[in-house]
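Right, one structure below, let's go through it.
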Amino acid sequence: MPTRRNFLLSSAAAAAAAPTLALAAQSSQPEKLPPAIAALTNRHAEAVPITLAEREQRLERARALMHQNNIDAIVITTGTSLTYFTGLRWGQSERFFAWTLPATGAPFIVCPVFEEGRVRERMESKPATLPSASTTRVYTWNEDEDPYQLLAKALNESGLATCKIGIEERTQFVFADGIAHASAALTITSATPVTSGCRSIKSPAELALMQLANNITLAVYKACYQSAQPGMTNRQFSQMVDLAYTRCGVTGDASCQVGEYSALPTDRYNLK
């Protein structure tokens with residue numbers, strides 16, 4: 001999702017970039033680009049998405065680890081672990097959103113009521129990405145309601161009125177604290193033995209995606225190195241990297257700090 005900072009930076013970049021680079025970014029004609037950048041090809045089709053079947057296997061692996069570590073359920077809010085298990089990409093918010101996987105039984109989602117439509121749209125999307133979508137329950141809360149009490153209610157309805165809950169490591173403190181105080185019958189622990197136990201072992205499909213990402217990045221960096229010119233600003237070089245990734249059919253970026261700004265990364269867009 002675009003941010004105010006990215007909007008301001010991109011607006012300033014458009015005004016300050018060198019004319020030749022600006023023309024290259026705006027034109028679809030390869031001859032307008034530096035030769036090494038123009039030689040890059042779109043490789044998006046090489047990326048084979050993680051299948052629904054593989055995500056189902058991840059859930060089974062997670063449940064096995066939960067049994068081994070005496071964890072009754074894991075709660076994941078947003079971030080890479082949510083995407084890993086469900087295929088959902090959900091931005092971090094001040095409002096509580098959580099996907100919960102019990103060691104036994106169907107998963108469920110707790111979300112703000114105004115997000116329900118978006119959740120169900122993702123659950124019904126084709127091709128399907130959310131494992132156990134047909135049995136996943138959705139609990140919604142209004143602004144004047146306590147989402148953590150709703151989570152405790154959902155756990156109770158799953159037969160987990162008294163249980164040990166694993167919290168994913170990157171969960172915001174306000175959410176973890178809210179869960180911890182939702183019910184005296186809940187015991188909070190780390191979900192890392194489960195999440196790391198799953199994510200640290202890569203499948204052939206994951207390895208293939210990681211290798212493709214590495215190959216594209218090396219190709220982009222090589223092309224940009226060959227296209228760099230004396231007098232380029234940090235911003236202009238970073239823009240060229242963005243453009244090279246776009247040529248490859250993916251998104252990517254690089255933080256470039258050269259000269260006096262190498263010690264001030266936050267000033268890498270300075271035009272001097």
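Listed by chain and number, the lysines placed with their C-alpha closer than 26 angstrom to that of residue 164 are 153; residues fewer than eight positions away on the same chain are left out.
Quick check: at a probe of 1.4 Å, how many percent of the accessible area of segment 134-272 sits on carbon and sulfur atoms?
54
When the Cα gyration tensor is reduced to axis lengths a ≥ b ≥ c, the ratio a/c is 1.5 or higher for segment 197-241, and with a/b above b/c it is classed as prolate.
Using alpha carbon coordinates only, what is the Rg to Rh ratio of segment 110-232, with Rh defined as the Kirkwood radius?
Ratio value, two decimals: 1.15.
Going by the alpha-carbon gyration tensor, a ≥ b ≥ c the square roots of its eigenvalues, is segment 38-165 rounded (a/c under 1.5) or, if a/c is not under 1.5, prolate (a/b greater than b/c) versus oblate? Here segment 38-165 falls in the oblate category. Here the extension length gained between residue 211 and residue 64 equals 50.1 nm, from 0.36 nm per residue of separation less the Cα-Cα distance.
Can you figure out the FRET efficiency of residue 187 with residue 80, using R₀ = 35 Å and their beta-carbon distance, to the nearest 0.05?
E between residue 187 and residue 80, to the nearest 0.05, is 0.85.
What the phi angles of segment 107-121 give under the Karplus curve with 6.51, -1.76 and 1.60, with θ = phi - 60°, is a coupling list of x, 8, 10, 10, 8, x, 4, 6, 9, 4, x, 5, 4, 5, 4 Hz, glycine and proline written as x. Within segment 108-161, the GluC sites (Glu not before Pro) that combine a DSSP coil assignment with at most 14 other C-beta atoms in a 10 angstrom radius are 124, 143, 145.
Straight-line cross-link partners of residue 222 among the aspartates and glutamates, defined as a Cα under 19 Å from its Cα and at least 8 positions apart when in the same chain: 31, 242, 253. Indicate the gyration tensor shape class of segment 152-192 (rounded, prolate or oblate), computed on the Cα atoms with a ≥ b ≥ c the square roots of the eigenvalues: a/c under 1.5 is rounded; otherwise a/b larger than b/c is prolate and the rest oblate. Cα axes put segment 152-192 in the prolate bin. Each of residue 246 and residue 125 was given a label point 7 Å from its Cα along the Cα-to-Cβ line. The distance between the two points is 2.4 nm.
The values are calculated or read from the model by the stated rules, or taken from the named source; none is laboratory data. Because the structure is predicted, anything quoted here is derived from the model rather than measured. Every residue, glycine among them, receives a Cβ derived from its backbone with ideal geometry; neighbour counts consider all protein chains shown. Heads up: the accessible areas ignore ligands, DNA and RNA and are worked out on the full protein's heavy atoms, side chains in. Shrake-Rupley method; radii C 1.70, N 1.55, O 1.52, S 1.80 Å.
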